[in-house]
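The values are calculated or read from the model by the stated rules, or taken from the named source; none is laboratory data. Remember, it's a predicted structure, so these values are computed and weren't measured experimentally. Backbone-built Cβ (ideal geometry, glycine too); neighbour counts: all protein chains shown.
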Amino acid sequence: MKKLLLILAALSLVAAACGDDDGGDSADGLSVDSINVAYFAQWPTPNQFGQADGTFSDAVGADINWLPFNSGGEMSEAMIAGDVDISYSQGLTPFAGAINSGADLKLVGIAVSYAEADNCVVNADLGVTRDNAAETLAGATVMTPIGNVTHYKMLSMMEFLNVDISGLNVLQAEGGATTAAAFEAGDIDVGCAFGGSIETMLGTGGELIMSGAEHESDIGIFTYDIVSIPTSFGEDHGDAVAAFLAATDDFNQAWAADKDGQNPTIATAAGMEDVGNFLDGELWFVFPGLDEQLGADWLGGNVADAMQGQVETLAALGGGDPAIGDFAGAVDTQYLETANG
């Protein structure tokens, strides 16, 4: 799956150049004719309602080249290389890691909050509970992505449960499908992933160690994805960034008013049979509005603090680089403010 997604992304990049090099106005008045947008397959969001038929592009006022990626780290690399203009629903942790390594990127919005859609699933036969986790998970084999929010949540949860992290056999995942397959085959004790892979593992003999709600209430971990850009793209085409954020909010509101009508189309665009618990049932996904994103709980303060905490945790428990200090400079609210009118 990872190779397929990278091939699709490469083909899309050949077909559409990034941005508008001459800086001239497009027919719709923007300073750019096309925008390369990174997104995740199997991750259904309301803007995908207009992905297949082009109505989201119409709302933005520029052609949108949707490029599927397998991880937030790959999104950062593509933005740094100049191949992606906007990353939609990039994980906060890989973005923070890129900033910590000196990348010239900006966080410009919140895409989605999803406490329950990113978690670790344990083999039910192990009989793991919060009270006995330190003993039952000693030396366990855990598969997780490395350097993203899933990894951060796993480390934080294991520390909270007094599990000896140094004694775990941690395997790097190449994607959720790989993790789910390894879990079903019995090759790992714990699989940590996001999206549909969680449901797959829960359906093949797995159970949660802690729920997403418990991560929030007991550990203080809030899980959400962001909208990010290369700093230079915002400087050159700030109108396009603001238009993208405004259109995304419009599609979020339209979906909220007609979930049943839109979900089948969104599922198809996301490459899924249905939207499952992401946009239906328990409603794992929450989409903050523009006003809310500008508040203190998000870009107005807490997001920069969360980046600091995540990088420090990965450095202390997962062997990551030490934190550089203040992450507030990586947060830019001007595009949200423009979109909010």
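Among the residues of the range 166-181, what is the count of those that are in contact (Cβ under 8 Å) with a residue 24 or more places away in the chain and either outside the structural domain of residue 129 (by TED's automatic domain parsing) or within 17 Å of residue 139 (Cβ to Cβ) (or both)? Final tally of qualifying residues: 5.
Residues that are part of a helix (DSSP H, G or I), surrounded by fewer than 20 Cβ atoms within 10 Å (Cβ to Cβ) and touching a strand residue (DSSP E or B) at 6+ places or on another chain (Cβ under 7 Å) within the range 197-210 comprise just one, 202. Of everything in the range 183-196 that is touching a residue at least 24 places away in the same chain (Cβ under 8 Å) and part of a helix (DSSP H, G or I), the residue that is surrounded by the most Cβ atoms within 10 Å (Cβ to Cβ) is 183. Flag not set for residue 288, criterion: over 23 Å from residue 116 (Cα atoms), in contact (Cβ under 8 Å) with a residue 60 or more places away in the chain and within 17 Å of the chain's Cα centre (by Cα). The strands (runs of 3 or more DSSP E) found entirely in the range 39-155 that carry 3 or more residues being aliphatic (A, V, I, L, M) and assigned by TED's automatic domain parsing to the domain that holds residue 237 are 105-113. Based on this model, can you work out whether residue 239 counts as more than 26 Å from residue 29 (Cβ to Cβ) and either touching a Leu at 6+ places or on another chain (Cβ under 9 Å) or assigned to a helix (DSSP H, G or I) (or both)? Taking the combined requirement at face value, the residue does not satisfy it.
With respect to residue 228, is the statement that it is in contact (Cβ under 8 Å) with a residue 60 or more places away in the chain, surrounded by 19 or more Cβ atoms within 10 Å (Cβ to Cβ) and in the same structural domain as residue 101 (by TED's automatic domain parsing) true? Here the answer is yes, as residue 228 does meet what is asked.
Just a yes or no: is a residue in the range 27-41 under 30 Å from residue 179 (Cα atoms), buried (at least 24 other Cβ atoms within 10 Å of the Cβ) and either modelled with pLDDT under 95 or in contact with a Cys (Cβ under 7 Å, 6 or more places away or on another chain) (or both)? Yes: one or more hits. Sub-8 Å Cβ pairs linking a first residue in the range 259-282 that is among the small types (Gly, Ala, Ser) to a second residue that is at pLDDT below 95 and assigned to a helix (DSSP H, G or I), at least 6 apart or interchain, are 276/196; 276/199, ordered by first then second residue.
Applying the condition of being touching a residue at least 24 places away in the same chain (Cβ under 8 Å) and within 30 Å of residue 168 (Cβ to Cβ) to the range 323-341 and asking which residue is surrounded by the fewest Cβ atoms within 10 Å (Cβ to Cβ) yields 324.
Given the condition over 18 Å from the mean Cα position of the chain (by Cα) and of a type outside the set (Val, Ile, Thr), answer yes or no: does some residue in the range 67-74 qualify? No, the range 67-74 contains no residue that is over 18 Å from the mean Cα position of the chain (by Cα) and of a type outside the set (Val, Ile, Thr).
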